[in-house]
Protein chains: 4
Amino acid sequence: MRSIAYLGPRGTFAEAALRAMPHAEGTELSPFPSVTEALDAVRSGAVTHALVPIENSVEGSVTSTLDELGTGEPLVIVDEQAIPVRFALLARPGTTMADVRRVATHPHASAQCRGWLRSSLPDATVIPAGSTAGAAAGLVESPTAYEAAIAPRLAADVYGLHVLADEIGDNDEAWTRFVLVALPGELPGPTGADKTTLTLFMREDHPGALLEILTEFSVRGVNLTRIESRPTRRALGDYYFSVDCEGHVADARVGEALAGLHRVCAHVRFLGSYARHDGKEPRLRPGVTDDDFASASAWLAGVRGAD
Amino acid sequence: MRSIAYLGPRGTFAEAALRAMPHAEGTELSPFPSVTEALDAVRSGAVTHALVPIENSVEGSVTSTLDELGTGEPLVIVDEQAIPVRFALLARPGTTMADVRRVATHPHASAQCRGWLRSSLPDATVIPAGSTAGAAAGLVESPTAYEAAIAPRLAADVYGLHVLADEIGDNDEAWTRFVLVALPGELPGPTGADKTTLTLFMREDHPGALLEILTEFSVRGVNLTRIESRPTRRALGDYYFSVDCEGHVADARVGEALAGLHRVCAHVRFLGSYARHDGKEPRLRPGVTDDDFASASAWLAGVRGAD
Amino acid sequence: MRSIAYLGPRGTFAEAALRAMPHAEGTELSPFPSVTEALDAVRSGAVTHALVPIENSVEGSVTSTLDELGTGEPLVIVDEQAIPVRFALLARPGTTMADVRRVATHPHASAQCRGWLRSSLPDATVIPAGSTAGAAAGLVESPTAYEAAIAPRLAADVYGLHVLADEIGDNDEAWTRFVLVALPGELPGPTGADKTTLTLFMREDHPGALLEILTEFSVRGVNLTRIESRPTRRALGDYYFSVDCEGHVADARVGEALAGLHRVCAHVRFLGSYARHDGKEPRLRPGVTDDDFASASAWLAGVRGAD
Amino acid sequence: MRSIAYLGPRGTFAEAALRAMPHAEGTELSPFPSVTEALDAVRSGAVTHALVPIENSVEGSVTSTLDELGTGEPLVIVDEQAIPVRFALLARPGTTMADVRRVATHPHASAQCRGWLRSSLPDATVIPAGSTAGAAAGLVESPTAYEAAIAPRLAADVYGLHVLADEIGDNDEAWTRFVLVALPGELPGPTGADKTTLTLFMREDHPGALLEILTEFSVRGVNLTRIESRPTRRALGDYYFSVDCEGHVADARVGEALAGLHRVCAHVRFLGSYARHDGKEPRLRPGVTDDDFASASAWLAGVRGAD
């Protein structure tokens, strides 16, 4: 039976994203204190899935997620979700703006609400918390520590809090993308608007390596949607690449590109093929559909005398 | 007269890195609470330089630095420094390990010392702080809040603290790279072991863009040492590239590559040419030295009848 | 004063092509028995120019011309011309088709008129001649050797012959392209629809050489119109490349591509920039006009602090 | 039963090449007057094979062979042979150098012996013939027409002639390469030192086509040994490419490259995989052996969940 871990505590953006996915319907959802613990719960079989953040428009990639998926015990991505990041100022019922002298939140969140804090609460002290939802939870657990928290709006419902102000972030366009992760096994079928995630380790630090990698994709008409060099943690200057490309491993062009990478790289880790959250279908250049591959294979078999 | 801002408070890794650089000699060094504030101090002329972290082996790129340099008011990098990340457990003189029940530090630092904390202080509570050096400062400012802080060793000297345990991080190889930033103006001269940093904005979301960019470098024999796609903050899926390449803009091959990028990209921002912290010289393939460029130019001038 | 050698004898397609060019107007035109002798006449100063065939739709490249220009004493192409290849059956006045038992012509020409010969003169014997125009001349010089010659129509006027049948070639679309050659010196100015010819010698037989060469062109948006590998005559399997590209060496993109080739190749020989015979202007991709190059150079100079 | 056509008449370099091949052993060999007629004999079933010249170090490609194979009724190459081009001066027994006033030969041969003729027979008249062996045959058939012929040495044995002078060509390194052609059917097996010949027709005249083609080869580590653009005979400026690459279509890397070309090109014609005449094995870069392809396929099948 399905059960899903998510980056907690209750009331996080992860929970908000999860509740917007069909997978959450009638499923047990359990908060975990860190990305690593949520993923380990999948690895141990304690849960069947975990939803963790992977990319944020303001902070960039979530490196703990990239590194856990890229180099930890094997897991695969089976779905993704992206939601806007909207911060709210939450307080215990009865608290007014005039009462707020101390505001708790995660340092990233206070950085993203700096403009609003300066104009609306110029005299408030900001108290760092381990997470935004944790700051909201603290309003209930330690009522004397601070008067308000910056947190996702969902946390108000979860903890019985009041929304003093909504959408107080400086950047309307902020978003976070989450991935739903499971043990390797059956893949979601192709939908025509898919994405495939890979971790690529180079054979050695040779200058043309990245160009080689990109050529393996481009020669089969596969577009990249994200690429990042990440230090391997082994030595300063030793990198691996984390890559998202358009298409599903079941697509002929993606499969051939992956096999090509397998020959060129020291190691390729397949991290899943899954439906894009935005449903955007790839614009394919001529000659790279499954039909084109099938007809080329049939021609080749004829040339080789296999028929 | 030279004066250098750094990411504070006093006792940070940034200060430790700065003290290891010749620039610090006899120079006024001022801590600032954030990367943005340190950089703004350069922009306003309050200081001549700022030293800020740009990349960390564990957390990856420091996105606030990348985004400030990539899209904020123009600044250039004039030097870089990398130092190992070594965490120490600091306390007020007289405190022993047995006294420690609460440990304050930045969430990233506690994550990187999780193994040591589990084995050496299994019962201690970890209290989140805005920065590691700030946690050390707190030992002096609020003596009753907690007994110890995880911080750079330098913070012991700065705040008159005692080192209860040193090198307590789980990863011996962790490092952080810092860049010294100034207003655009005279560039440091080429040393033969230089690096150039760029921000590249694409003309549109066209699939082959990254391959095009890499080809502009590779055709002139210029190797990349770092590449990263970063969201532009405008819309989900709209990216720019942050790139480090080997060589100095005064090198003919680098200059021609940059001019090529200027023609291919919507916008190129030059973020400086500076000596590599590791002094590593590029391995050049035949045909790409300044002499090769000069002799090709002379030949071309002859062919064009300019002589 | 201008004087032009051409591949003779009188009445050849070369003469026909030359008479269609403005250069021929009021100029002394002298036939030479071979491409090499015509080109040597330019080298020695006996004439100022020579018109020689370089490519034929049926026979392909004229290798003696390619090799003379590619590896002989330096000459440059200053113009080109292409004309349709139309064969006529010529005879002395008074000869009728019924009289024709022997037809002289060059073996290539008889091969191209095989269909017509089979249907119209099934019983005639074909006598090989050194050139088509020479066969026509022979009708006058040795009246008993044969009754008719297959030759360019122009030869009828030149030698006072009668046209028994016109356009007797099997292929209506056949054409020959000629180049006008001079000593290196002042180049024709760019017209906006130019072509540049090069000979490229590789550094060694390394597999990626051709890809490297093409990339030097493509990265600057310069299209090739012809490429051919030619044996160097040194050893079986040792090749050079003969290349035509769009544009004039005075164009910034072509100049930079040539300088790039100069760095990559063992040797580059420039064989001229000249107006295309068909006046076809290149379709340029964004970023490769002279204005784009000038603005990139100005930007680079600013970055380098040269202004 | 095997029977081989060759470019005649008897005594040609084609016959000399054929006699040096194991295929000739105990086989009926028949001279044909032209490449087209020799190839048509294979097409009609009159013979099982034909040996025709395809490339000559002095004259370049034999365009009639390229065009017949590239665009005529389908045939495939099953073997190749290369021999040095050595010209001899042949005469009827009893003739001395002093008797020689007229020398018959093909115009290409007289061009290649120009130096020797100038120094050794400065007063002799050169009479054009349709072929060198034909000139030798003429010494017997029409004893009064001329005294000597420049021809392959083999023609002396064939026609009972005397060798007045041997190796009289100006270029010691001249060679001709021949191909043995058959109807499409069973392919020769791979030997580890093979070559594959293709004709590639482009989808349209688009600038990057050649770069695309080369990338299909290079991304699979397949090296080209010859490439040529050939006019299609349809229109001035409309080309196809004739290509030789290293390896056998049964090799995984060559097969995948051919399938890739099939998707990119308007049309690909496979002209055979056969042992190289020089037995030279390819230097392969890492990742492109059959084992590498097999292990990548197995990995991909695992990723796709096919096992």
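Since every read-out is calculated from the coordinates, none of them should be taken as a lab result. The structure displayed is predicted, hence computed values, not measured ones. Here the Cβ is made from the backbone with ideal geometry for all residues, glycine too, and neighbour counts use every protein chain on show.
Before moving on, here are some points about what is shown:
- Additional length obtainable on full extension of the chain from A:His267 to A:Arg118, 0.36 nm per residue less Cα span: 48.7 nm
- Within 10 Å of the Cβ of each residue in D:53-63, the mean number of Cβ atoms contributed by other protein chains is 5.
- Peptide D:282-291 shows a mean partner chain C-beta count of 2 within 10 Å per residue C-beta.
- Simple label model, 7 Å out from Cα along Cβ direction - A:Arg2 to C:Ser295, nm: 5.2
- Angle in degrees between helix A:252-264 and the longest Cα principal axis of chain A, rounded to the nearest 10: 90
- Sequentially through the stretch B:60-74, phi angles give Karplus couplings (6.51, -1.76, 1.60; θ = phi - 60°) of x, 5, 8, 5, 5, 5, 4, 6, 4, 6, x, 10, x, 4, x Hz, Gly and Pro residues having no value and appearing as x.
- Mean sequence separation of contacting Cα pairs (under 8 Å, at least six apart), scaled by the length of the stretch D:187-307, corresponds to a relative contact order of 38 percent.
- Placing a label point 7 Å from the Cα of A:Arg114 along the Cα-to-Cβ direction, the distances to the matching points in the other copies come to 2.9, 8.0, 8.2 nm, shortest first.
- Magnitude of the charge dipole for chain B, about its Cα centre and with charges confined to Cβ atoms of Lys, Arg (+1) and Asp, Glu (-1), is about 380 debye.
- Against chain A, whose longest principal axis comes from its Cα atoms, helix A:35-44 is set at around 60 degrees.
- Chain D - mean residue ellipticity at 222 nm from DSSP helices (-39,500 (n - 2.57) per run, n ≥ 4, rounded to 500): -8500 deg cm²/dmol
- The Rg/Rh ratio of the protein assembly as shown, with Rg taken over Cα atoms and Rh as the Kirkwood radius over Cα pairs, comes to 1.09.
- Descending by average beta-carbon neighbour count within 10 Å, the peptides B:213-221, D:34-42, A:10-18 line up as A:10-18, B:213-221, D:34-42, the highest first.
- With only Cα atoms counted, chain A has Rg and Dmax values of 22.7, 85 Å.
- At an R0 of 51 angstrom, the distance between the Cβ atoms of D:Ser142 and D:Glu281 translates into a FRET efficiency of 0.55.
- Grouping the Cα pair distances of the stretch D:172-234 into 10 Å bins from zero gives a pair-distance distribution of 12, 38, 35, 14, 0 percent in increasing distance order.
- Mean Cβ neighbour count within 10 Å, used as a protection proxy, ranking A:96-102, D:137-143 highest first: D:137-143, A:96-102
- Once the Cα atoms are used to define both axes, helix B:209-218 deviates from the longest principal axis of chain B by about 80 degrees.
- Nearest residue to the symmetry axis between C and B, taken on chain C by its Cβ, in whole Å: C:Val219, 2
- Cut-off 14 Å between beta-carbons: net charge of the residues surrounding C:Ala135, Lys and Arg +1, Asp and Glu -1: +2
- Using a 7 Å Cα-to-Cβ projection, B:Gly302 label spacings across copies, nm, ascending: 3.6, 5.4, 5.8
- Using a 7 Å Cα-to-Cβ projection, D:Glu25 label spacings across copies, nm, ascending: 7.1, 7.6, 8.3
- Cα-based shape type of the stretch B:187-307, given that a ≥ b ≥ c are square roots of the gyration tensor eigenvalues and the cut on a/c is 1.5: oblate
- Chain lengthening between C:His108 and C:Leu183 when straightened (0.36 nm per residue, less Cα-Cα): 23.9 nm
- For residues of C:36-49, the mean tally of beta carbons on other chains within 10 Å: 0
- Kirkwood Rh and Cα Rg combined as Rg over Rh, evaluated for the stretch D:137-257: 1.15
- The calculated P(r) of the stretch C:87-153, using every Cα pair and 5 Å bins from 0, goes 4, 20, 35, 28, 13, 1 in percent.
- Local net charge near B:Ala149, Cβ-Cβ under 12 Å (Lys/Arg +1, Asp/Glu -1): +1
- Taking the DSSP bridge list for chain B and keeping only pairs wholly inside it, about 75 percent are antiparallel.
- Between D:Leu211 and A:Val163, the C-beta separation translates, for a Förster distance of 45 Å, into a calculated FRET efficiency of about 0.15.
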